[in-house]
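Heads up: the structure comes next, in structure tokens.
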Amino acid sequence: MDNNTVELNYFHIGKALGGSQDWMRDPWMRLGGCAALAAVDSCIYFTLFCGKKKLCPIDVHHLTKDTYIRFAMIMKPYISPRFSGVSKLELYTEGMGAYLRDRECTEPRMQPFPMGQSLELAQQTLQRQIDSGILIPFLLLNPISREWKEYHWHWFLLTGYRWDDDRLMVKAVTYGEGEWLPFETLWDTARRDNGGMILYEFS
């Protein structure tokens, strides 16, 4: 890792980086469970690396595919897959908020950060979150670059950043893998309704 890279610790299940939608046995979760799994991965991350022990109903120190799938099915009713997808940031914050209340957890708090805002502000916000040790759920509905069509209508997690000259690259984690992507090709400054970031907050 070079001096320009900030990357969060993350968890593995076998060789997978985080969990994977491909493991889901429930057809709806396999097809459209990406938002629920972003929440599951977030809870596991905050338990393992931030000491938030009440967030998870499973033993995060002995993770397996089966225990991960069990947690995913617990999260499913809160952030349910649906025909139109979990296509608004508020659907995530409302569902995750209900889960946290049922777990009697007051944190993390969540703030939607929709697209449509300047690239500079989005970059600064992203860096601040990662520098604070906080991962970022990211919703991308319609990529402005066809290069990233596999992220179409998809929730994934941002777990790091680096600067390549004057270009911000971000670490995207989904389907058990991580990939470095140029942030400018993900962030749409013209449309607020094209997704955005969830900003977790702790006291």
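The values are calculated or read from the model by the stated rules, or taken from the named source; none is laboratory data. Predicted model only: the values in this text are computed from it and were never measured. Virtual Cβ from ideal backbone geometry, glycine too; neighbours counted across all protein chains shown. Keep in mind that these areas ignore ligands, DNA and RNA; they rest on the heavy atoms of the full protein, side chains included. Shrake-Rupley method; radii C 1.70, N 1.55, O 1.52, S 1.80 Å.
General remarks:
- Of all residues in segment 118-127, those satisfying the criterion of being touching a residue at least 60 places away in the same chain (Cβ under 8 Å) and either surrounded by 16 or more Cβ atoms within 10 Å (Cβ to Cβ) or within 22 Å of residue 7 (Cβ to Cβ) (or both) are 119, 122, 123, 125, 126, 127.
- Yes/no for residue 133 being outside any helix (DSSP H, G or I) and either surrounded by 16 or more Cβ atoms within 10 Å (Cβ to Cβ) or more than 18 Å from the chain's Cα centre (by Cα) (or both): no
- Only residues that are free of Cβ contacts under 8 Å to residues at least 60 places away in the same chain and in contact with a helix residue (DSSP H, G or I) (Cβ under 8 Å, 6 or more places away or on another chain) were counted across segment 97-115, and they come to 1.
- In segment 98-110, the qualifying residues are those that are open to solvent by less than 90 Å² (accessible area, probe 1.4 Å) and within 15 Å of the chain's Cα centre (by Cα), and the one that is farthest from residue 152 (Cα to Cα) is 108.
- Of the residues making up segment 54-75, those that are open to solvent by less than 80 Å² (accessible area, probe 1.4 Å), in a helix (DSSP H, G or I) and either in contact (Cβ under 8 Å) with a residue 24 or more places away in the chain or small (Gly, Ala, Ser) (or both) are 60, 68, 69, 71, 72, 73, 75.
- Positions within segment 145-163 being over 22 Å from residue 43 (Cα atoms) and of a type in the set (Gly, Ala, Ser), in sequence order: 145
Yes or no, residue by residue, for (1) part of a helix (DSSP H, G or I); (2) out of contact with any Leu (no Cβ under 8 Å at 6 or more places or on another chain); (3) buried (at least 19 other Cβ atoms within 10 Å of the Cβ):
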site	(1), (2), (3)
6	no, yes, no
10	no, no, yes
19	no, no, yes
22	yes, yes, no
25	no, yes, no
30	yes, yes, no
38	yes, no, yes
41	yes, no, yes
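- Members of segment 81-97 that are polar (S, T, N, Q) and either modelled with pLDDT of 95 or more or assigned to a helix (DSSP H, G or I) (or both): 87, 93
- Residue in segment 122-130 that is of a type outside the set (A, V, I, L, M) and closer than 18 Å to residue 86 by Cα present: no
- Of the listed requirements (1) at pLDDT 95 or above; (2) at positive phi, residue 72 misses just one: (2).
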